[in-house]
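Some notes on the structure that comes next.
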Amino acid sequence: MSETPAPLSPVGVLGGTFNPVHYGHLRSALELVQSLQLEQLRLMPCAAPPHRETPTCSATHRAAMIELAVAGEPHLACDSRELRRSGKSYTIDSLMDIRRELDAGQSLCLVMGCDAVLDIATWHRWQELLDWAHIVVIARPGWHLPQAGVVAEWLESHHLAPEVLRQRTAGGIVIQELRPLAISSTEIRNLLGVGKSARYLLPEAVLDYIKTHNLYEEEPHFMNFEIS
Ligand code: ATP
């Protein structure tokens, strides 16, 4: 764990598939910027997720939707570095890469919802993540942190008060309770797939993009019948 004082505002990174980006991501990102006084929070779309199927919606489309969603908000940005790498998109590689670009004394925070923390012990080189960044865990409706086992012990042993974040550049885990918004990309894809509206769950500009590029359209099941 680095003990270098970090007077600069921390940079945050929220990784995910963002298939598509929605207000649950965006509002959490902005609230974190404010509560942790981050210089910036970057939404980083995963090109080839190691633990789930690569989405049929391309990483280029997913990044373009993030760009539209954060346009005009100076504290939020899209970080497309995983689109420029080949092979699986391992978070540890991205953190090492970002760390090289930051000032030596600047804190880096990897942000994740508590659903993502539950399977963190299956992530590539997961115990090295804290060598490069702090981890900020955000509560998410319907999900709870583990109370026992290796991940629970890891959370407990690295727990840090939010005020201490900028005194070290990496190595601590902060738990943040933000405004709960029960929105998921899965739900949005399901709504669009059966021709229902997803309006007010995600930015209008993103919905327009989805419509223009015919994303998430599937034949509703009741259309799949044969006429004899
Ligand atoms: P899917 O339904 O396809 O799994 P998702 O809505 O969970 O997608 P991801 O792109 O997988 O979105 O999420 C990226 C990150 O944002 C994850 O760390 C996830 O926990 C977090 N996140 C997603 N939705 C919310 C939400 N409504 N509130 C807080 N965090 C969220």
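The values are calculated or read from the model by the stated rules, or taken from the named source; none is laboratory data. All of these numbers come straight from a predicted model, not from anything done at the bench. Here Cβ is always computed from backbone atoms with ideal geometry, including for glycine, and neighbour counts include all displayed protein chains.
Numbers at a glance
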read-out: Contacts under 6 angstrom Cβ, first residue in the stretch 123-146 being under 13 Å from LEU110 (Cβ atoms), partner at pLDDT 95 or above and among the charged types (D, E, K, R), 6 or more apart; value: TRP132/ARG99
read-out: LEU165 touching a Lys or Arg at 6+ places or on another chain (Cβ under 9 Å), under 23 Å from LEU32 (Cβ atoms) and either modelled with pLDDT under 95 or surrounded by 12 or more Cβ atoms within 10 Å (Cβ to Cβ) (or both); value: no
read-out: Per-region count, the stretch 176-198, residues without any contact (Cβ under 8 Å) to a residue 60 or more places away in the chain and either over 21 Å from HIS213 (Cα atoms) or of a type outside the set (A, V, I, L, M, F, W, C) (or both); value: 9
read-out: Sole residue being in a loop (DSSP other than H, G, I, E, B) and either modelled with pLDDT under 95 or more than 24 Å from GLU177 (Cβ to Cβ) (or both), chosen from THR60, THR56; value: THR56
read-out: Residue match in the stretch 18-29 (condition: among the aromatic types (Phe, Trp, Tyr), in contact with a Lys or Arg (Cβ under 8 Å, 6 or more places away or on another chain) and either touching a residue at least 12 places away in the same chain (Cβ under 8 Å) or surrounded by fewer than 18 Cβ atoms within 10 Å (Cβ to Cβ) (or both)); value: yes
read-out: All positions within the stretch 134-162 that are over 24 Å from LEU41 (Cα atoms), within 15 Å of the ligand (Cβ to nearest atom) and outside any loop (DSSP other than H, G, I, E, B); value: VAL151
read-out: First in the stretch 95-109 and at negative phi and in a loop (DSSP other than H, G, I, E, B), second anywhere and buried (at least 19 other Cβ atoms within 10 Å of the Cβ) and among the polar types (S, T, N, Q), Cβ under 9 Å, 6 or more apart; value: LEU102/THR169; ALA104/THR169; GLY105/THR169; GLN106/THR169; SER107/THR169
read-out: Top-ranked residue in the stretch 39-53 [being within 12 Å of the ligand (Cβ to nearest atom) and not in a strand (DSSP E or B); ranked as nearest to ASP119 (Cα to Cα)]; value: HIS51
read-out: Counted residues, the stretch 163-188 - those being outside any loop (DSSP other than H, G, I, E, B) and closer than 17 Å to LEU118 by Cα; value: 4
read-out: Filtered residues of the stretch 61-76 (kept if closer than 23 Å to LEU36 by Cβ and crowded, with 19+ Cβ neighbours inside 10 Å); value: ILE66, ALA69, VAL70, LEU76
read-out: Identity of the residue in the stretch 173-196, of a type outside the set (Gly, Ala, Ser), modelled with pLDDT under 95 and near the ligand (Cβ under 8 Å from one of its atoms), that ends up surrounded by the fewest Cβ atoms within 10 Å (Cβ to Cβ); value: PRO180
read-out: Flag for SER9 being touching a residue at least 40 places away in the same chain (Cβ under 8 Å), in a loop (DSSP other than H, G, I, E, B) and within 17 Å of HIS134 (Cα to Cα); value: yes
read-out: Filter result for GLU128 (touching a helix residue (DSSP H, G or I) at 6+ places or on another chain (Cβ under 8 Å) and within 21 Å of LEU181 (Cβ to Cβ)); value: no
read-out: Those residues of the stretch 84-94 which are part of a loop (DSSP other than H, G, I, E, B) and of a type in the set (S, T, N, Q), in sequence order; value: SER86, SER89
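So that you can scan it fast, the table gives a plain yes or no per residue for (1) of a type in the set (Asp, Glu); (2) more than 13 Å from GLY16 (Cβ to Cβ); (3) away from the ligand (no atom under 16 Å from the Cβ); (4) modelled with pLDDT under 95:
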position	(1), (2), (3), (4)
ARG85	no, yes, yes, yes
ILE92	no, yes, no, no
ARG100	no, yes, yes, no
GLY105	no, yes, yes, yes
CYS109	no, yes, no, no
ALA116	no, no, no, yes
